[in-house]
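Only the coordinates and a few stated rules stand behind these numbers; no lab work does. Quick caveat, the model's predicted, so the values are computed rather than measured. Here the Cβ is made from the backbone with ideal geometry for all residues, glycine too, and neighbour counts use every protein chain on show.
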Amino acid sequence: VELWQDVPLAPPDSIFQLTAAYKADTFKDKVNLGVGAYRDNDNKPWVLPVVKKATSILLNDEALDHEYLPITGLAEFTNAAAKLILGSHSPAIKEGRTVSVQTISGTGANHLGALFLSKFYKWNGPARIYLSNPTWDAERWLANHHAIFRNVGIEPVEYAYYDPKTIGLDFDGFIDALKTAPERSVFLLHACAHNPTGVDPTTEQWKAIAEVIAAKKHYTFFDCAYQGFASGDLDKDAWAVRYFVELGLPLLVCQSFAKNAGLYGERVGALHLVSPNTETANRVKSQLSVLQRSEISNPPSHGARLVSLILNDARLFEEWKRDIETMAGRIIEMRRELHRLLTEKLHTPGNWDHIVNQIGMFSFTGINPAQSKALVEKGHIYLTGNGRISMAGLNTHNIEYFGSQLDAVVR
Ligand code: PMP
């Protein structure tokens with residue numbers, strides 16, 4: 001018998017499939033709104049000027065070699081990364097109770113965090129993770145968050161999040177899920193710029209969420225893939241995480257530099273776990289090291305060196321903030337322009353305020369799967385079936401075309 005005859009053929013990843021279909025399309029005005037990466041106004045990937053500078057500094061550094069990094073990564077990078085997300089005056093950092101480990105970007109941080117929980121979390125009942133409905137990525141049950149936790153034997157269950165009726169947050173449903181989950185449940189929360197909906201809680205709603213989490217002693221698994229990229233302001237986008245730390249809620253944070261530094265392929269990220277004291281932090285760190293050793297031995301150096309240079313040099317850091325504003329600003333401008341086109345120029349039926357109220361790279365347009373399909377087939381506009389568009393795929397050259405096609409499919 002053939003050894004692998006019972007291996008079923010897995011469906012291709014829907015996002016990568018969408019990109020392939022876009023590439024194969026010869027229509028000259030085709031638009032790719034599926035991709036989860038920043039594009040400039042000419043639809044080109046953007047190497048941040050600050051990253052170019054940091055790269056040339058590295059290239060000219062005669063002392064650099066290609067030795068292994070420590071198991072937990074480059075300390076200058078992880079220390080600065082912790083300050084970036086938790087705040088430079090964070091009590092958790094000052095008191096030496098934050099554990100930071102360099103990971104294979106945000107995905108690796110999610111995996112390592114999940115693996116650690118699967119081994120050491122004191123589950124109250126079966127090992128379960130509560131995930132927002134929907135969550136990263138586009139397809140519900142094939143979503144990466146689901147797969148990451150399932151891979152380590154943690155069962156994903158969903159909590160109410162998105163309300164298709166309002167194209168906004170199902171706040172009551174969310175609070176209800178927090179209240180009805182058993183005590184000490186683990187909830188994954190998107191720190192900012194929720195993927196795929198672009199719908200975030202307001203400050204007041206975050207406060208109410210934190211209150212229930214505290215009352216029910218839940219554990220928060222923060223996923224932060226878009227710090228700075230969402231609002232253009234690194235501190236603003238870290239607000240929820242810092243607020244939870246201030247309240248003393250137990251949590252970990254997965255951090256990615258893919259989007260905010262445009263370092264997608266370099267796989268730069270970190271896992272930060274805030275523990276009650278230094279002694280616990282040391283024990284947690286020792287076990288994270290053991291897990292990391294068998295998974296990847298030690299993380300890659302190049303991207304971490306780049307980010308470390310940027311975070312630890314005041315001038316480069318200021319320049320990075322300007323680059324982030326450039327990216328976030330262009331996306332916010334596209335939101336405003338699309339909203340203007342639909343409401344003032346085309347008088348498209350329905351309310352489109354969600355386009356400007358949502359935040360980050362993605363927007364849930366609220367269109368149905370048939371309308372999404374029509375956009376692909378008739379308009380050569382590539383987007384996922386759930387009606388999610390990447391705002392980064394819009395620019396001053398194609399936004400009128402997209403607006404008119406969207407208008408046509410909803411009429
Ligand atoms: N979490 C969320 C919510 C994301 O959207 C992403 C990127 N699409 C990631 C994690 C991780 O991405 P990466 O591994 O490229 O950092």
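Packing around the peptides 398-408, 183-193, 377-387, taken as the average count of other Cβ atoms within 10 Å per residue, puts them in this order, highest first: 183-193, 377-387, 398-408.
Scanning residues 5 or more positions from residue 162 or on other chains, those with amide H under 5 Å from its amide H are 133, 170, with H placed 1.01 Å from N in the peptide plane.
Applying the criteria of a DSSP loop state and at most 15 other Cβ atoms within 10 Å to the trypsin sites (Lys or Arg not before Pro) of region 19-66 yields 28.
Pairs of Cα atoms nearer than 8 Å and 6+ residues apart set the relative contact order; for region 1-97 it is 11 percent. The ellipsoid equivalent to the alpha-carbon distribution of region 173-300 has semi-axes of 25, 21, 13 angstrom, derived from the gyration tensor eigenvalues as √(5λ) and listed largest first. Histogrammed with a bin width of 10 Å, the alpha carbon distances of region 265-402 distribute as 10, 25, 22, 21, 17, 5, 0 percent, first bin at zero. Our summary gives region 179-252 a relative contact order of 39 percent, counting only alpha carbon pairs under 8 angstrom and 6 or more residues apart. Over every Cα atom in region 123-214, the radius of gyration and the widest Cα-Cα span, Dmax, amount to 12.9, 35 Å.
Pull out a ≥ b ≥ c, the square roots of the eigenvalues of the alpha-carbon gyration tensor of region 11-67, then state rounded if a/c is under 1.5, prolate if not and a/b is larger than b/c, and oblate in the remaining case. Verdict is prolate for region 11-67. When you filter the trypsin sites (Lys or Arg not before Pro) in region 84-126 for DSSP loop state and at most 15 other Cβ atoms inside 10 Å of their Cβ, you are left with 122.
Charge tally for residue 123 (other residues, Cβ to Cβ under 12 Å; Lys, Arg +1; Asp, Glu -1): +2.
Ranked by the mean number of other Cβ atoms within 10 Å per residue, highest first, peptides 337-347, 60-70, 195-205 order as 195-205, 337-347, 60-70. Descending by average beta-carbon neighbour count within 10 Å, the peptides 127-134, 151-158 line up as 127-134, 151-158, the highest first. For the chain, modelled as a GNM whose springs connect Cα atoms under 10 angstrom apart, the maximal fluctuation among 214, 270, 304 occurs at 214.
Taking the Cβ-Cβ separation of residue 373 and residue 278 as r and a Förster radius of 35 Å, what is the calculated FRET efficiency to the nearest 0.05? Step by step, r from the Cβ atoms, then E = 0.05.
For region 195-308, DSSP calls about 55 percent of its internal beta bridges antiparallel. Using the empirical formula 2.2 N^0.38 Å as the baseline, the Cα radius of gyration of the chain reaches a ratio of 0.99. Please work out the C-alpha center-to-center distance from region 332-411 to region 90-126 and express it in whole Å. The distance from the Cα centre of region 332-411 to that of region 90-126 comes to 37 Å. Of all DSSP bridge pairs formed entirely within region 114-252, close to 10 percent run antiparallel.
Just so you know, the averaged projected area of the alpha carbon convex hull for region 56-122 sits at 6.6 nm². Summed over qualifying helices (DSSP H, 4 residues or more, each -39500 (n - 2.57)) and divided by its residue number, the chain shows a 222 nm mean residue ellipticity of -13500 deg cm²/dmol.
Neighbours of residue 89, meaning other residues whose beta-carbon lies under 13 angstrom from its beta-carbon, give a summed charge of 0 when Lys and Arg score +1 and Asp and Glu score -1. The gain in end-to-end length when the residue 211 to residue 243 segment is fully stretched comes to 10.4 nm, 0.36 nm per residue minus the alpha carbon separation. Here 88, 256, 231 are placed in order of increasing Cβ neighbour count within 10 Å, fewest first, which gives 88, 231, 256. Of the beta bridges in the chain, as assigned by DSSP with both residues counted there, near 45 percent are antiparallel. Measuring nothing but alpha carbons in region 91-138 and taking Rh as the Kirkwood radius, the Rg to Rh ratio lands at 1.05.
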